[in-house]
Amino acid sequence: VLNAALRAGGLIVGSISLIGSHTNTEAHRWMLWQTIFHYQKDSLLLIVGADTNAGLALIRLAAELARDVAIIRDNKDRLDLWWKRRDPTRQREYKRTFRFDDATRAGAMVHRTYELCSELGVHGHDSDAMHLQPVGKWSASGENDLLILHVSDSGVLSGLQIWIAAFESLHRLCLETFLARHGQTLAEPSRLFTNTAEALRPVVTALAKRLQELAGTPN
């Protein structure tokens, strides 16, 4: 399942190379989109390795960047503002302009992903702690045993559930900024990506069911 998602991500990001020539805003959006995909891939490795806090933090970065790609679109002034977003004289304008748009399904999902990953991974540092389970004890002197804890399977599956649920929408926001001008060129890659994304949706439901089962199983 995860390999299929990564292949679909590589397909849709790489499909922009089919466009004959890119405008300046398109070239920069594509660069940011590739960064989003790198965040996704690195996040997956961290989550599978039971480092869910760091994994969710990267998904939050991806959500923030996907939002900004959607806002920039083909607007040169917004691209200029994005590059100058850390300029003290432009920070307020950036924060006012680059806001999440919940009007579309993808936009609302990316916003929810950002909020969830902020709460659990970035600001709360809670994701790992919520799913710790004892795996042994250790003591250097034979006294005052220290309990060895590790993130449980349910913790890893919870992280994967967020990763898969967010996968399509992060790419969708970026893809939509290219379809208006290049819909015909991107029609087939877009169709293949959509088919894979639809096949992933039942996996999220299956993970939720499995997490419910694990919740009732003693450690």
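The values are calculated or read from the model by the stated rules, or taken from the named source; none is laboratory data. These numbers were taken from a predicted model, which means no experiment stands behind them. Cβ: placed from backbone, ideal geometry, glycine included. Neighbour counts: every protein chain shown. Keep in mind that these areas ignore ligands, DNA and RNA; they rest on the heavy atoms of the full protein, side chains included. Shrake-Rupley method; radii C 1.70, N 1.55, O 1.52, S 1.80 Å.
Only a single item in (1) without any contact (Cβ under 8 Å) to a residue 60 or more places away in the chain; (2) surrounded by fewer than 19 Cβ atoms within 10 Å (Cβ to Cβ); (3) not β-branched (V, I, T) is not met by Y39, and it is number (2). When H38, H22 are screened for being more than 17 Å from A197 (Cβ to Cβ) and outside any helix (DSSP H, G or I), only H22 passes.
In segment 77-114, the qualifying residues are those that are of a type in the set (A, V, I, L, M) and within 18 Å of A62 (Cα to Cα), and the one that is surrounded by the most Cβ atoms within 10 Å (Cβ to Cβ) is V110. Candidates G14, G10, G55: the one that is open to solvent by less than 10 Å² (accessible area, probe 1.4 Å) and of a type outside the set (A, V, I, L, M, F, W, C) is G55.
All of (1) free of Cβ contacts under 8 Å to residues at least 12 places away in the same chain; (2) under 10 Å from the mean Cα position of the chain (by Cα) hold for A63 with one exception: (1). Here G49 clears all of (1) surrounded by fewer than 17 Cβ atoms within 10 Å (Cβ to Cβ); (2) in contact (Cβ under 8 Å) with a residue 60 or more places away in the chain; (3) in contact with a Gly (Cβ under 9 Å, 6 or more places away or on another chain) except the condition numbered (2). Looking at A66, A70, just one residue is at pLDDT 95 or above, in contact with an Asp or Glu (Cβ under 9 Å, 6 or more places away or on another chain) and surrounded by 13 or more Cβ atoms within 10 Å (Cβ to Cβ), and that residue is A70.
Of all the criteria given as (1) modelled with pLDDT of 95 or more; (2) in contact with a helix residue (DSSP H, G or I) (Cβ under 8 Å, 6 or more places away or on another chain); (3) exposed (fewer than 15 other Cβ atoms within 10 Å of the Cβ), the one not satisfied by A27 is (2). Pick out the one residue from L175, L207, L186, L192 that is surrounded by fewer than 16 Cβ atoms within 10 Å (Cβ to Cβ), aliphatic (A, V, I, L, M) and in contact with a Leu (Cβ under 8 Å, 6 or more places away or on another chain). That would be L192, the only listed residue that is surrounded by fewer than 16 Cβ atoms within 10 Å (Cβ to Cβ), aliphatic (A, V, I, L, M) and in contact with a Leu (Cβ under 8 Å, 6 or more places away or on another chain).
So which residues in segment 186-206 are among the aliphatic types (A, V, I, L, M) and under 17 Å from L160 (Cα atoms), if there are any at all? Across segment 186-206, the qualifying residues are A197, A199, L200, V203, V204, A206.
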